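For reference, the structure is listed below as structure tokens.
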Amino acid sequence: MTQPVFKGRIARTHAESKPWWAPMPRPREGSPNIVTILFDDTGFSHFGCYGSTIETPNIDRLAAGGLRYTNYHTTALCSPTRAALLTGRNHHSVGMRGLANWNTGFPNCTGSISRSAATLAEMIRPQGYSTFAVGKWHLTPMEETSAAGPFDQWPLARGFDRFYGFMQGETDQFAPELYCDNRPIDPPRTPEQGYHLTEDLIDQAIGMLRSQKSAIPEKPFFLYLCFGATHAPHQAPESYVRKYRGRFDAGWDVIRQQWFERQKALGIIPADTELAPRNPGVVPWDSLSDDEKRVAVRLQEAFAGFLDHTDEQVGRLLAFLEQIGELDNTVLMVTSDNGASQEGGPIGVIDTFKYFNGIPESIDETLARIDDIGGPNSNTNYPWGWAQVGNTPGKRYKQNTHGGGIRDPLIVHWPAVIADKGGIRTQFHHVTDITPTLLEIAGVTPPEAVNGVAQMPVHGESLLYTFDAASVGQPSRKASQYFEMYGSRAIWSGGWKAVCYHKRGTPFEDDRWELYHLENDFSECRDLAEQEPGKLAQLVELWWAEAGRYGVLPLDDRTAQLWSPSPRDRTPRNRERYVLYPPVAHMSGEVAPPLGNRSFTVTAELRRPKADAQGAIFALGSNNNGMAFYVLGDRLIFDYNLFSKHYKAISDRPVPAGDCTVAVVFEKLGEQGRATLMIDGAVCGQVEVPRVLRMISSYGMDAGRDSGAAVSDDYTVPFEFQGSIRKLVFEMPRRNKRDEKDAREAKMLSDLSRQ
């Protein structure tokens, strides 16, 4: 933005001069507030108003007072959907082919949004809007999420006045990895004090809006509110999980049929819709053992409690907007970033990081911890069977370009304008259509340049025309829309859809394309590829044309290679030696020293002012799994937390007061490990670890304290070191090829869980 030219007059004295004040940015008269609420991994049928029996009365209220869209689509994955929603451009075009965790060196996969694609916040803030981002971001290259930045892809540099939330694709709901604006912070309370992230996000959102409307009430706001719900881990206050006891005992086959019938009754799907067959790997409910059923039901109850609790927080936000008289003049959109997740596997998991480390969970182990499900000591995801229920009536899941991965709920609520309350809209639309809709509502023309950078055209099509009841029965104004994710592809045009499921590692030319006439086949059950080869060939040709137009190529289905550290300069994870000078800000897992699946040595130069000075030297991970190095009383301890089983090396002599050097040497011995303690160069303790973790938690590292859910059971957080740590040095030899492959695969599985 250029400095305005002074339009007054400057003479020798004030009396001879004429002052002038540059006009403040002012939106178009009557411009409404904007709130977009984005759920995570919430399927087409999960809201009550889309067929579910999970209680979502506040979201249902918005649907009853607004519009529901039944032919709205996303990209099948989180970061790409967020990039498309905020820019109005296709995700490959802006550099977000996949997760923000990836940078392949091609323009379509940089881990960040291109500067030639301004966000909605960047386009409307100069026109007089306040802009707030609250919740999940996941649009910054993960190696750039340290306190050292760079910050040019953080929310505040992409058009938002304020940010409060988390940068990664997932976080623990009871002990999250939090950021405020450009810095990491501790949660304001502990789980024992009643903390839950979703409640905190709404507290922060209300606080931001309260302050803005108190100071400049005439100024409209844009709130981009992105919950961690309902991404794994599925965690909620215990009363919400307990509320659903017994409600899903009939199993996923019966519940799916019930939701399907509710969808028909609600008019969400056509009366002649077929229920898609079970996805590959989903077994009949009656074939499970009683113990398997018990676990699967509990996992679904945790999901339901999580969604129910989040809906209640939406209600708190709505009540606040009503209280300050802003609800009627607020355009409020509720949607999800992709379909329900398949990452819980065929039987679900109570501890996702066991899965990432290749450690199977036996049913007996899970039953022993069944009461932990949904609480702060669990990290759960539900089985494929329940995920397909969430995508009723469609096929497949998140990551896939069939309906289960890309068809999502969309609710639009704007009482001042929408008269057709409770209306249903069936026109085809896509997540790229959100920004052009909101720009049209705000009366803002997409700028040709932003901050000196020429802008690519907006690709989406405004859906504002559908707000009028006269639009019912009218065709979509979109001509076509392509899809691609992990090599799976699809194209929609004129009510027809061609789609192929790509099995990673197989030749793309071997993929089989399917053809569906969605106008007559909502759930993609009747493949017409053989009956209509000409139409299929036309659509496949169109897909390749659109792929060229929007920068989709090259197709890339690699897996483990995507999780290798970026070869760019100054990438934190490319080092073999890290030197920290505590106290330092919390380090996310992407920038902390990578201690999984390898040998390493950690050396700390300490000063203890008195003989009983204690505290954490470093802590990596959480109460679920990780490692901590600390002084307790006068003893040096290294705790290797292997899924709540603690393997501790304890020094056989006291740590001296004053200056000293302590170290832990960790040796990877095949699948096992050994930790050896040293004080001033002398060995003083040792422990054998039965399994070396390939992937350690989703929570990062603290130096000089432990800020998350305590890694060790010896202390409570924050357990700050009661002295000084002059220097903390991490040294690790380069992994051998096998260890590198294991680490990449573990990282891949972990990041897939955080999409």
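The values are calculated or read from the model by the stated rules, or taken from the named source; none is laboratory data. Predicted model only: the values in this text are computed from it and were never measured. Quick reminder, even Gly has a Cβ in these numbers, built from the backbone with ideal geometry, and neighbours come from all protein chains shown. Ligands, DNA and RNA are stripped out before the accessible areas are found, and what is left, the full protein with its side chains, is counted by its heavy atoms. Shrake-Rupley method; radii C 1.70, N 1.55, O 1.52, S 1.80 Å.
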Among SER707, SER697, the single one that is on the phi > 0 side of the Ramachandran plot and small (Gly, Ala, Ser) is SER697
Test result for GLY723, within 30 Å of TYR179 (Cα to Cα), open to solvent by less than 50 Å² (accessible area, probe 1.4 Å), in contact (Cβ under 8 Å) with a residue 60 or more places away in the chain and in contact with a strand residue (DSSP E or B) (Cβ under 6 Å, 6 or more places away or on another chain): yes
Is the range 7-29 home to any residue that is touching a strand residue (DSSP E or B) at 6+ places or on another chain (Cβ under 9 Å) and closer than 23 Å to PRO436 by Cβ? no
Looking at ALA449, ALA470, ALA442, can you tell me which residue is open to solvent by less than 10 Å² (accessible area, probe 1.4 Å) and either at pLDDT 95 or above or within 26 Å of ALA271 (Cβ to Cβ) (or both)? ALA442
Among the residues of the range 244-256, is there at least one that is of a type in the set (D, E, K, R), modelled with pLDDT of 95 or more, open to solvent by less than 40 Å² (accessible area, probe 1.4 Å) and within 20 Å of SER45 (Cβ to Cβ)? yes
Inter-residue pairs, beta-carbon under 6 Å, first in contact (Cβ under 8 Å) with a residue 12 or more places away in the chain and on the phi > 0 side of the Ramachandran plot and in the range 280-294, second open to solvent by 60 Å² or more (accessible area, probe 1.4 Å) and among the small types (Gly, Ala, Ser), 6+ apart: none
Could you tell me whether the range 54-74 includes any residue that is farther than 13 Å from VAL334 by Cα, at pLDDT 95 or above, in contact with a Pro (Cβ under 9 Å, 6 or more places away or on another chain) and not in a loop (DSSP other than H, G, I, E, B)? no
Given the criterion touching a residue at least 60 places away in the same chain (Cβ under 8 Å), open to solvent by 10 Å² or more (accessible area, probe 1.4 Å), touching a helix residue (DSSP H, G or I) at 6+ places or on another chain (Cβ under 9 Å) and within 20 Å of PHE227 (Cα to Cα), identify the matching residue among GLY375, GLY390. GLY375
Of all residues being outside any strand (DSSP E or B) and touching a strand residue (DSSP E or B) at 6+ places or on another chain (Cβ under 6 Å) in the range 599-642, which is nearest to ILE679 (Cα to Cα)? Just the residue, please. GLN614
I want to confirm something. Restricting to the range 133-150 and keeping residues that are part of a loop (DSSP other than H, G, I, E, B) and under 21 Å from TYR581 (Cβ atoms), which single residue is most open to solvent (accessible area, probe 1.4 Å)? ALA148
Cβ pairs under 8 Å, 6+ apart or interchain, first in the range 677-688 and under 12 Å from PRO654 (Cβ atoms), second among the hydrophobic types (A, V, I, L, M, F, W, C) and assigned to a loop (DSSP other than H, G, I, E, B), ordered by first then second residue, are ILE679/VAL655
The lone exception for PRO346 - which of (1) surrounded by 15 or more Cβ atoms within 10 Å (Cβ to Cβ); (2) assigned to a loop (DSSP other than H, G, I, E, B); (3) touching a residue at least 24 places away in the same chain (Cβ under 8 Å) it fails: (1)
Check whether at least one residue in the range 117-132 is open to solvent by 10 Å² or more (accessible area, probe 1.4 Å) and of a type in the set (Gly, Ala, Ser), and report yes or no. no
From the option list GLN168, GLN153, GLN204, GLN193, single residue qualifying as open to solvent by 10 Å² or more (accessible area, probe 1.4 Å) and either more than 28 Å from VAL450 (Cβ to Cβ) or of a type in the set (D, E, K, R) (or both) is GLN193
Positions within the range 480-500 being within 22 Å of ARG97 (Cα to Cα), open to solvent by 10 Å² or more (accessible area, probe 1.4 Å) and free of Cβ contacts under 8 Å to residues at least 60 places away in the same chain, in sequence order: SER493
Does THR273 fit the bill of being closer than 24 Å to GLY135 by Cα, β-branched (Val, Ile, Thr), at pLDDT 95 or above and buried (at least 17 other Cβ atoms within 10 Å of the Cβ)? no
Scanning the range 648-676 residue by residue, those open to solvent by 60 Å² or more (accessible area, probe 1.4 Å) and part of a strand (DSSP E or B) turn out to be ILE650, ASP659, GLU667, LEU669, GLN672, ARG674
Kindly provide the set of residues from the range 320-343 that are free of Cβ contacts under 8 Å to residues at least 12 places away in the same chain and either among the charged types (D, E, K, R) or not in a helix (DSSP H, G or I) (or both), ordered by number. GLU322, GLY325
What are the residues in the range 624-647 that are open to solvent by less than 40 Å² (accessible area, probe 1.4 Å) and under 16 Å from THR716 (Cβ atoms), if any? GLY626, ALA628, TYR630, VAL631, GLY633, ILE637, ASP639, ASN641
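Yes/no matrix, rows are residues, columns are (1) in contact with a Lys or Arg (Cβ under 8 Å, 6 or more places away or on another chain); (2) in a helix (DSSP H, G or I); (3) surrounded by fewer than 21 Cβ atoms within 10 Å (Cβ to Cβ):
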| site | (1), (2), (3) |
| --- | --- |
| VAL458 | yes, no, yes |
| TYR465 | yes, yes, yes |
| LYS478 | no, no, yes |
| LEU528 | yes, no, yes |
